[in-house]
Amino acid sequence: MLSIDSIWKEFPDKILFKNLSFRLKEGMRVGLVGPNGAGKTTLLKILLGLETPDKGIVDIGKSVSIGYLPQEIIAGSARNIIEEALAAFPEVADLEHKIHSITEQLAENPENNKLLAELSQLQEKFEQIDGWDIEKKAKIILGGLGFTEEQLFEPFNSFSGGWRMRCYLAGMLLRKPNYLFLDEPTNHLDLNAIIWMENFLAKWKGGLIMISHDRNFLDKSINNILELNRGQAILYAGDYSFFINKREELLQQTEKSYNNQQKTIAQTERFIERFRSKNTKAKQVQSRIKQLDKMEKIQAVKTSKNFSVQIPQPERGPLKVVDIKDVGKAYEDNIVYTDLNLVIERGNKIGLVGENGSGKSTLLKLLAKVEKPSSGEINYGPGIKAHYFGQHQVESLDLNATIYETIFSISGGWTETQIRSYLGSFFFQADMVKNKVKVLSGGEKSRLALARLLVEPANLILLDEPTNHLDIHSRDIIEEAFKNYTGTIICISHDRHFLNAVTNTIIKVDKNGIKSYSGNYDYFLWKDGENNKIIEKKVSSRDTGNNKNSYKKLKGLRNKKRKIEKRMAVIDDELAEISMELKNNITGSDFEKLQALHDSQNKLESEYLALMEELEGLSEN
């Protein structure tokens, strides 16, 4: 069990936690939610011992193991992907090295009983940590996170930060710690990987604390919500949807209690004021003064329902915003697009979807003129002005400037009142605008970067993961702003709720190019599924209508599949027998037999993998 008891954490500008307490048992999968700056990441770091509370107790059992996935990008190494994932198990490599060393010594001195006993102990430890199957499990997890078989053997440092994060995550999941601490794990995953991840976490039997601003992901992955707000923590036993409904009930109850208390306070104060000077009422007056002093004041309910972001609207531009003609794009031997053609019209709100590496960000960069096409041309309508919000837009902020200065420097003569009003719509209110950018949380920096981008009106807004690091309420308000925006939007987002709320067109990007769907994300999922069924039906119809030679070929494939599956079943049985023999301590005294068993095991595993690949190839035909 993990527990926090009455902790305090204070910074120069605010109290982050005051008497915060909660307990986390194994089996509890907790979504950590709250507004940006509420201390979600700080709480994780306190639990990990990376930060210390000013006072209070953090109790973590000595036998508890924790896997932590931070927000920060993972540094590169020269190892390949599978080696990097397996680096999470240094004891496996250590035991393999020791077993190999002793095996070499036994080759020269096979009667050495001390070495035989040591080898037997090492093999037993290797069995206990599941050393024989660890690489197979690593491949399954890496595959689920989107790595192809070929990528497993490519250098780790040749991958982008997002892919490195996936590899790091795979190594962590492989260890099966008692608790997982995940800080916005979906920020570096495409939609397919997010779906895999939420299914994996839904079956996770250990403890989990996760910061995520994706409500769909939270609903499918967690069974508890811990809300951080005003320095306190409230635990809700249920998914995110349950939390929203329950919190609304509690807020209404609190608001009612607050209003009733305010009436009582006002009546009491009137009584005190009216009879303070009358000696006959002195006792009653003093009694009511003490009553007010002892009263535990209910805090006023603060909601952000009235907040709304006002995006400056563009003047009505031409119908044709962008015309992409026969565009090709390649990075040396890596061809991303060939003969790409697309017309984007006024009022289109387009979501780009597809696997990581399919070319979504490249397309946005081409439209933003950050990249140039290798061939073809991109023509913009007359007077079209575009804004581009890249994934690393936050890095362009001046950390030493204040929030106010960030907007003032580009506002073109706005008054102080206009700047404060504009910043207020992005939740930067009152004296907060005097804070320097460097003290802001990740979500607050994202909001400020978005606010800076949208100061000047634009006909076309290009967004690459605009909701990353934003809390859920901020996302709701940003969604509403983009829904009301009259210009054209092209965005990449892994937030399904955002795509459904904002877009009216989905463009699927893959190795075959692009395909457009006139609807939001849910419509795309339905239509794309229907298209896949049609393709399968056509293939099926074509197969049944083939001549006798095609039938014979199909029958031959089926027979071959059955033979392969039968051989794989035999190998499974043989490997199980070898595994049982390796566990038997008697083999520890017979080096030659031990070596023969290992040789047989390796040979059978190689044959099994080859048969598996052959079977997969036949299944594709």
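The values are calculated or read from the model by the stated rules, or taken from the named source; none is laboratory data. For clarity, every value in this text was computed on a predicted model and none was experimentally measured. Note that each Cβ is placed from the backbone with ideal geometry, even for glycine, and that neighbours are counted across all protein chains shown. Heads up: the accessible areas ignore ligands, DNA and RNA and are worked out on the full protein's heavy atoms, side chains in. Shrake-Rupley method; radii C 1.70, N 1.55, O 1.52, S 1.80 Å.
Computed values, structure above
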read-out	value
10 Å binning of all Cα-Cα separations within segment 161-318, expressed as whole percents from 0 upward	8, 24, 19, 17, 14, 10, 6, 2, 0
Span from the segment 432-500 Cα centroid across to the segment 178-218 one, whole angstrom	23 Å
Length-normalised contact order for segment 413-501 - Cα pairs under 8 Å, 6+ apart - percent	26 percent
D_trans [Stokes-Einstein, Kirkwood Rh over alpha-carbon pairs] for segment 225-373, 10 °C, 1.306 mPa s, µm² s⁻¹	70 µm²/s
Förster radius 41 Å - calculated FRET efficiency between Ser241 and Leu50, Cβ distance, rounded to 0.05	0.80
All-pairs alpha carbon distance profile, the chain, 10 Å steps from 0, percent	3, 12, 19, 22, 18, 13, 8, 4, 2, 1, 0, 0
Sulfur and carbon atoms: percent of accessible area, the chain [1.4 Å]	49 percent
Nearest-ten-degree value, helix 191-202 long axis tilted from longest Cα axis of the chain	90 degrees
Computed label-point distance, nm, for sites Arg420 and Glu104 using a 7 Å Cα→Cβ extension	7.5 nm
Per-residue ³J(HN,Hα) for segment 506-513, Karplus 6.51 cos²θ - 1.76 cosθ + 1.60, θ = phi - 60°, Hz, x for Gly and Pro	10, 10, 8, 10, 8, 5, 8, x
Surface/4 estimate of mean projected area, convex hull on alpha-carbon atoms of segment 418-467, nm²	4.0 nm²
Relative compactness, segment 97-236, computed as alpha-carbon Rg over 2.2 N^0.38 Å	1.45
Accessible surface, the chain, averaged per residue in Å² (probe 1.4 Å)	54 Å²
Square roots of five times the Cα gyration tensor eigenvalues for segment 54-106, Å	33, 20, 7
For segment 11-24, Karplus couplings with θ = phi - 60° (6.51, -1.76, 1.60), whole Hz, Gly/Pro x	10, x, 9, 6, 8, 7, 10, 9, 6, 7, 9, 5, 10, 10
Candidate aspartates and glutamates for bridging to Lys263, where Cα separation is under 17 Å - those fewer than 8 sequence places away on the same chain excluded	Glu255, Glu273, Asp293, Glu296
Integer Hz, Karplus 6.51/-1.76/1.60 couplings in order for segment 143-156, x for Gly and Pro	x, x, 8, x, 7, 7, 4, 5, 5, 4, 10, 8, x, 4
Net lengthening on full extension, Glu10/Glu96 (0.36 nm per residue, minus Cα-Cα)	26.2 nm
Tail weight of P(r) past 12 Å, computed on alpha-carbon pairs of segment 357-400, percent	70 percent
